[in-house]
1. Given the structure, is His210 of a type outside the set (A, V, I, L, M), more than 16 Å from ligand 2 (Cβ to nearest atom) and loosely packed, with under 15 Cβ neighbours inside 10 Å?
2. Just give me the residues in the stretch 55-99 being modelled with pLDDT of 90 or more, open to solvent by 30 Å² or more (accessible area, probe 1.4 Å) and within 16 Å of ligand 2 (Cβ to nearest atom), in sequence order.
3. I'm trying to understand the selection: among the residues of the stretch 279-299, which are open to solvent by less than 10 Å² (accessible area, probe 1.4 Å) and in contact (Cβ under 8 Å) with a residue 60 or more places away in the chain?
4. Only one of Asp235, Asp216 is more than 29 Å from Thr82 (Cα to Cα) and not in a loop (DSSP other than H, G, I, E, B). Can you tell me which?
5. Of all residues in the stretch 300-325, which are aliphatic (A, V, I, L, M) and buried (at least 23 other Cβ atoms within 10 Å of the Cβ)?
6. Could you check the stretch 247-278 and list, in sequence order, the residues that are part of a strand (DSSP E or B), aliphatic (A, V, I, L, M) and surrounded by 13 or more Cβ atoms within 10 Å (Cβ to Cβ)?
7. Being on the phi > 0 side of the Ramachandran plot and out of contact with any Cys (no Cβ under 6 Å at 6 or more places or on another chain), is that true of even one residue in the stretch 333-352?
8. Looking at the stretch 283-293, which of the residues that are modelled with pLDDT of 95 or more and outside any strand (DSSP E or B) is farthest from the chain's Cα centre (by Cα)?
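The values are calculated or read from the model by the stated rules, or taken from the named source; none is laboratory data. Just so it is clear, the model here is predicted, and its values are computed rather than measured. A quick note on method: Cβ atoms are made from the backbone with ideal geometry, for glycine too, and the neighbour counts reach across all protein chains shown. Side chains included, ligands, DNA and RNA excluded: accessible areas come from the protein's heavy atoms. Shrake-Rupley method; radii C 1.70, N 1.55, O 1.52, S 1.80 Å.
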Amino acid sequence: SEGINIQEIAKQFHRDASEIIKKLLMLGVMANQNQALSKEVIELICVEYGVEPEEKHVIDVSDLNQYFEDARANRLEENLATRPPVVTIMGHVDHGKTTLLDQLRNTRVTEGEAGGITQHIGAYQVEANGKVITFLDTPGHAAFTTMRARGADVTDITIIVVAADDGVMPQIVEAINHAKAAEVPIIVAINKIDKPTANPDRVKQELTEHGIIPEDWGGEHIFVEISAKMNLNIDELLEMVLLVSEVEELKAEPNRMALGTVIEARLDTAQGATATLLVQDGTLNVGDPIVVGNTYGKVRTMVNDKGRRIKTAGPSAPVEITGLNDAPQAGDLFVVFEDEKTARQAGEERASKALELQRDSKKKVTLENLFDSI
Ligand code: GDP
Ligand code: MG
């Protein structure tokens, strides 16, 4: 690392040069952006960011999973801020997932935003007790399972909806197993309690057989009895989400360059590629050079879940963007780069590698072996 300067280091650590200069100042080292740094000073910086000096100075942009892991491992305590939880709703068909998502969307949108035309972008945010909650609005299990298969961890909390007049079905057991495997906390919403045939105790009994035991039965799982249709106990459900979220201590670094996951994407004849991104860390800005899966570009426009044009989006915010050279896939990771050239290089490299892989292998490329080889 002879002749390396602060700008280089800043790039490699994905930080502002000014932040590193400030850090060095506090350690009694004066440095300007373009000055070559001694090995000792570079080591000091590495230690500050919790990185083994010999280890990786250069983050390999061809592996976004690794990049993601590194970025999260190198988070600075002093830069962390609480972020909204990202919640998925799962359950058996007809048990009321869509009704619950619609009820939340129609009655709990952020007050200042009321009147905006709600956009269906695959995720939206509601407000409860002055706090924000992000809901993934993706149909059924598809998004959750695909994203998990691709190594994308987007969900912080799962609400499992079970109809009180029906009981535990195979799809619910499957949902429980997914959540357990992903170590995502589960909240059970026993739905349709307005129905005369509702039998919440039966649901509790059946879930107990799958290791989901209500608190009032000596277990550790939160159950809320709701009616999505009649808007009953929905506020209680949201309060429980906030409670679990607090216990989980969900944090992000709002001041870093954004990274996150694609919720959905499509090619639009008028707009070109559009993608809904969930910002998981940092802040995304219009104009940011970005690599998204095997695509790249510059964020041209950004629209929030209320259909409003916005310029910046912080942690846990879902946004629909344009400006990519092609449509990425749900579950792809995205990373913002300091300059367009690097983003383009990384994007092209990833695209050609994926293509090569597709040509090379006679067998169909599965999500798993695609990620193994990139
Ligand atoms: P999904 O397949 O899980 O998305 O289920 P839906 O939300 O489409 O609901 C299936 C049916 O159950 C619809 O006819 C809803 O109106 C009805 N439903 C949903 N929630 C409730 C509820 O709380 N009470 C009653 N009585 N019906 C409900
Ligand atoms: Mg539905």
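1. The answer is yes for His210.
2. Asp94, Lys97, Thr98, Thr99
3. Within the stretch 279-299, Asp281, Val291, Gly293 meet the criteria.
4. Asp216
5. Met302, Ala313, Ala317, Val319, Ile321, Leu324
6. Within the stretch 247-278, Ala252, Met257, Leu259, Val262, Ile263, Ala265, Ala273, Ala275, Leu277, Leu278 qualify.
7. The answer is no, given that none of the residues of the stretch 333-352 is on the phi > 0 side of the Ramachandran plot and out of contact with any Cys (no Cβ under 6 Å at 6 or more places or on another chain).
8. Among those residues, the one meeting the criterion is Gly287.
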